[in-house]
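Please read the structure below before turning to the comments.
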Amino acid sequence: MTGAGTNTYLLGDEQVAVLDPGPAIPEHIEAILEAGDGRIKWIVCTHTHPDHSPAWKAIHEATGAEVLGALPADDMFQDDTFKPTHELVHDEALCTDEFTLRAVHTPGHVSNHFCFLLEEEHMLFAGDHIMNGSTVVIVPPSGDMKAYIESLQLLLRYDLHLIAPGHGEVMEDSKAIVEWLVNHRLKREAKVIKGLQQTGRTDLDHLVKVVYDDVSEDLHTMAKLSMSAHLIKLHRENRALQHEEDATWELIEI
């Protein structure tokens with residue numbers, strides 16, 4: 001699920017911020033500390049999934065760096081060790097003599113997700129909100145498709161030139177990428193609606209084969225998670241009905 005691995009970014013020269021320290025792999029932690037060379041002052045986490053934050057503790061203990069982020073979300077895939085020394089709020093900025101890093105609350109992939117805008121470079125560190133090479137899995141209950149789409153739309157208000165994802169290479173033409181992601185999710189939602197129209201009342205195992213007929217069946221287990229997030233969004237909007245007694249769904253015709 002992490003492709004080539006999780007990207008860790010070091011920002012600054014005289015005073016360094018480590019963004020997404022990654023998993024607690026000793027060789028990785030040693031590489032960060034060596035690159036920081038006594039200058040690490042901040043540890044910044046986009047969110048607390050286990051491929052993004054666990055190395056915070058060893059780096060904090062080695063450097064005394066301030067830890068910035070949000071407390072773990074309430075779901076099954078969290079780094080429960082994470083304890084920020086400062087809990088972030090939306091639009092808060094880390095201002096140094098070298099750079100300004102602005103926190104943008106972007107729930108969706110998970111409720112405690114933040115992106116970070118490096119204002120001088122117009123570069124967005126996107127964590128798992130936007131990835132290069134694949135779309136993001138939205139895992140209920142902490143993952144929220146409605147919040148995810150709204151968070152993508154929020155990013156269009158910022159002057160973005162580059163996106164530095166948590167996985168994959170840096171991407172250019174940021175506005176076009178964000179717009180494509182919004183349209184992609186809405187098109188997938190339309191397929192969920194069309195799928196329910198075709199099947200009538202049905203369960204997830206059947207529906208995923210209809211909605212994700214363009215995706216290998218090997219990926220359908222993960223696809224069901226994002227599809228569930230779409231269904232929850234439709235349920236909140238009174239467009240789909242869940243029958244909890246047999247875990248089936250049907251479309252509400254208006």
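Could you please let me know if Asp205 is farther than 30 Å from Arg157 by Cβ, of a type in the set (D, E, K, R) and assigned to a loop (DSSP other than H, G, I, E, B)? For Asp205, the condition - farther than 30 Å from Arg157 by Cβ, of a type in the set (D, E, K, R) and assigned to a loop (DSSP other than H, G, I, E, B) - is not met.
Summed over the range 17-54, residues that are touching a Phe, Trp or Tyr at 6+ places or on another chain (Cβ under 9 Å) and either at pLDDT below 95 or surrounded by fewer than 22 Cβ atoms within 10 Å (Cβ to Cβ) (or both) total 4. If you go through the range 55-67 one residue at a time, do you hit one that is surrounded by fewer than 20 Cβ atoms within 10 Å (Cβ to Cβ), part of a helix (DSSP H, G or I), on the phi < 0 side of the Ramachandran plot and among the charged types (D, E, K, R)? So far as the range 55-67 goes, yes, one or more of its residues are surrounded by fewer than 20 Cβ atoms within 10 Å (Cβ to Cβ), part of a helix (DSSP H, G or I), on the phi < 0 side of the Ramachandran plot and among the charged types (D, E, K, R). Tallying residues that are among the β-branched types (Val, Ile, Thr) and in contact (Cβ under 8 Å) with a residue 24 or more places away in the chain within the range 219-254 yields 2. Within the range 188-202, the set of residues being touching a helix residue (DSSP H, G or I) at 6+ places or on another chain (Cβ under 9 Å), in a helix (DSSP H, G or I) and polar (S, T, N, Q) comprises Gln198, Thr199.
Considering the range 70-117 alone, what residues qualify as being among the aliphatic types (A, V, I, L, M) and surrounded by 15 or more Cβ atoms within 10 Å (Cβ to Cβ)?
Those that are among the aliphatic types (A, V, I, L, M) and surrounded by 15 or more Cβ atoms within 10 Å (Cβ to Cβ): Ala70, Ala73, Leu88, Leu94, Leu101, Ala103, Val104, Val110, Leu117.
Mind listing whichever residues of the range 172-187 are in contact (Cβ under 8 Å) with a residue 24 or more places away in the chain, closer than 15 Å to Ser134 by Cα and either not in a helix (DSSP H, G or I) or not charged (D, E, K, R) (or both)? Answer for the range 172-187, where residues must be in contact (Cβ under 8 Å) with a residue 24 or more places away in the chain, closer than 15 Å to Ser134 by Cα and either not in a helix (DSSP H, G or I) or not charged (D, E, K, R) (or both): Ile177, Val178, Leu181, Val182, His184. Looking across the range 79-128, the residues that are part of a loop (DSSP other than H, G, I, E, B), closer than 19 Å to Pro23 by Cβ and not aliphatic (A, V, I, L, M) come down to Asp79, Asp80, Thr81, Phe82, Lys83, Pro84, His109, Asn112, His113, Asp128. Is it the case that some residue within the range 236-251 is in a helix (DSSP H, G or I) and not assigned by TED's automatic domain parsing to the domain that holds Lys146? Yes, the range 236-251 contains a residue that is in a helix (DSSP H, G or I) and not assigned by TED's automatic domain parsing to the domain that holds Lys146. Taking the criterion of being acidic (Asp, Glu), under 20 Å from Ser134 (Cα atoms) and either surrounded by fewer than 13 Cβ atoms within 10 Å (Cβ to Cβ) or in contact (Cβ under 8 Å) with a residue 60 or more places away in the chain (or both), the residues of the range 188-218 that qualify are Asp213, Asp214, Glu217, Asp218. Of the numbered criteria (1) among the hydrophobic types (A, V, I, L, M, F, W, C); (2) touching a Phe, Trp or Tyr at 6+ places or on another chain (Cβ under 8 Å); (3) under 28 Å from His206 (Cα atoms), the one Val182 fails is (2). Residue pairs whose Cβ atoms lie under 9 Å apart, sitting 6 or more positions apart in sequence or on different chains, and linking a residue in the range 31-46 that is in a loop (DSSP other than H, G, I, E, B) to a partner that is β-branched (Val, Ile, Thr), are Asp37/Val16; Gly38/Thr63; Arg39/Val16; Arg39/Thr63; Cys45/Val67; Thr46/Thr106. Taking the criterion of being under 15 Å from Lys146 (Cβ atoms) and loosely packed, with under 12 Cβ neighbours inside 10 Å, the residues of the range 219-254 that qualify are Glu237, Asn238. Of the residues Ile193, Ile163, the single one that is under 19 Å from Arg239 (Cα atoms) and either in contact with a Leu (Cβ under 8 Å, 6 or more places away or on another chain) or modelled with pLDDT under 95 (or both) is Ile193.
The values are calculated or read from the model by the stated rules, or taken from the named source; none is laboratory data. In this text, all values refer to a predicted model and were calculated from it rather than measured experimentally. Positions of Cβ are backbone-derived with ideal geometry, glycine not excepted, and every protein chain shown enters the neighbour counts.
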